[in-house]
1. Which of the residues belonging to the stretch 34-50 are of a type outside the set (S, T, N, Q) and either touching a Leu at 6+ places or on another chain (Cβ under 8 Å) or surrounded by 10 or more Cβ atoms within 10 Å (Cβ to Cβ) (or both)?
2. Would you point out which residue out of 58, 29 is open to solvent by 90 Å² or more (accessible area, probe 1.4 Å) and at pLDDT 95 or above?
Amino acid sequence: MKLFNKFFKDESGAVTVDWVVLTAAIVGLGIAVLTSVSGGTTTLADTISTELGTTTILDQSGS
């Protein structure tokens, strides 16, 4: 019985559980942000690619 009481009063693992929950929340928020931003970055990358592909570089050396 003494062993069970000691086990139930021990709080050394409680901090680990807190950190696991906080880390999971941060990872979840990161995934949510990545999902919401990815569409805009893809569109921007396509726009930049098109613009760079159609740009002409002029030779300024005179030759």
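1. Within the stretch 34-50, 34, 37, 44, 45, 46, 48 qualify.
2. 29
The values are calculated or read from the model by the stated rules, or taken from the named source; none is laboratory data. This one's a predicted model, so the numbers in the text were calculated from it and none came from an experiment. Glycine gets a Cβ as well: all are built from the backbone with ideal geometry, and neighbour counts include every protein chain shown. Each accessible area value is taken on the protein alone, full model and side chains, heavy atoms only, with ligands, DNA and RNA left out. Shrake-Rupley method; radii C 1.70, N 1.55, O 1.52, S 1.80 Å.
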